[in-house]
């Protein structure tokens, strides 16, 4: 595991962040083994999760549909549309205990094949899903999800590669893993570390990653962050940008956006995209994870144990 400024901290989160290139490499190697229980070309698919897993579902759904593999929707598990028919439903849940996911899979029994991607075997979701993919090597001790989420997306992205076409501009994962190795070792720019507020932006599949980047900052560091589709930034969110605040674009940036941000006096980061030397957006998410740990430690917070959060949301009947 590479040594970084972050991994010098004693948090589980920092060590789990640093392990992501190795986890992604293993996920890619194993993708073909899970082919029979993952979405097939032409299937109409729904992908569900809660919190971080929902954002990974959002990214995967766009990647799959834009590559021509079939209609793909993503939902928070609590918002799955009743009565809508799919050829397959994929649930992402690190713990395998999240109430909304377990209940949804139970309701779907017999209506469509279901596959759950989990980190922990022997949990309640195993008894309600038709198939289970276990990524136990990507499980985490921290409450804050980092490597399980990105490894799940790497697995699903690798499976798309094994089936053929990728969306235009999406890199093969063999080129993404070196980007991740850069992302866990290169120093974070001062503009990131010193910003009082960050708005994360992403287009296409990277919008889900922008949502996740903002969530990591809120969870680990209690930081003020927001996330929007990149083209929506001009439609209101730009009003909060000013000196000392940052717009961070994951993936290719819309034409003219940098100029619009500069006019506000705010900072601008766009280092993932299509240009040579740019990071893959998934690797850029790793930098946001690192920044969240950095800010948490600087504020005297424990990034492993965010305020008011637990590893899994398990509801009783009254709250469910």
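Just a yes or no: is a residue in the range 281-299 surrounded by fewer than 20 Cβ atoms within 10 Å (Cβ to Cβ), in a loop (DSSP other than H, G, I, E, B) and at pLDDT 75 or above?
yes
Out of (1) surrounded by fewer than 22 Cβ atoms within 10 Å (Cβ to Cβ); (2) at pLDDT 95 or above; (3) touching a helix residue (DSSP H, G or I) at 6+ places or on another chain (Cβ under 9 Å), what's the single condition that is false for residue 262?
The number of the failed condition is (3).
State which residue is farthest from residue 95 (Cα to Cα) when the search covers only the range 37-54 and only residues that are assigned to a helix (DSSP H, G or I) and in contact with a strand residue (DSSP E or B) (Cβ under 8 Å, 6 or more places away or on another chain). Break it down into steps so the answer makes sense when it comes.
So the first thing to find is which residues in the range 37-54 are assigned to a helix (DSSP H, G or I), and the list is 37, 52-54.
Still in the list and also in contact with a strand residue (DSSP E or B) (Cβ under 8 Å, 6 or more places away or on another chain): 37, 53-54.
On the way: 37: 19, 53: 11, 54: 14 Å.
The residue in question is 37.
So is residue 269 in contact (Cβ under 8 Å) with a residue 40 or more places away in the chain and in contact with a strand residue (DSSP E or B) (Cβ under 9 Å, 6 or more places away or on another chain) or not?
Numbers: in contact (Cβ under 8 Å) with a residue 40 or more places away in the chain: yes; in contact with a strand residue (DSSP E or B) (Cβ under 9 Å, 6 or more places away or on another chain): yes.
When the stated conditions are applied, residue 269 passes them.
With the requirement that a residue be within 17 Å of residue 164 (Cα to Cα) and either buried (at least 23 other Cβ atoms within 10 Å of the Cβ) or modelled with pLDDT under 95 (or both), what does the range 43-60 give you?
Listed by number, the list holds a single entry, 60.
Which residues, counting only those in the range 125-151, are surrounded by fewer than 20 Cβ atoms within 10 Å (Cβ to Cβ), part of a helix (DSSP H, G or I) and in contact (Cβ under 8 Å) with a residue 24 or more places away in the chain?
126, 137 - these are the residues of the range 125-151 that are surrounded by fewer than 20 Cβ atoms within 10 Å (Cβ to Cβ), part of a helix (DSSP H, G or I) and in contact (Cβ under 8 Å) with a residue 24 or more places away in the chain.
The values are calculated or read from the model by the stated rules, or taken from the named source; none is laboratory data. Quantities reported herein were computed from a predicted structural model and do not represent experimental measurements. Using ideal geometry, Cβ is built from the backbone for each residue, glycine included, and neighbour counts are taken over all protein chains shown.
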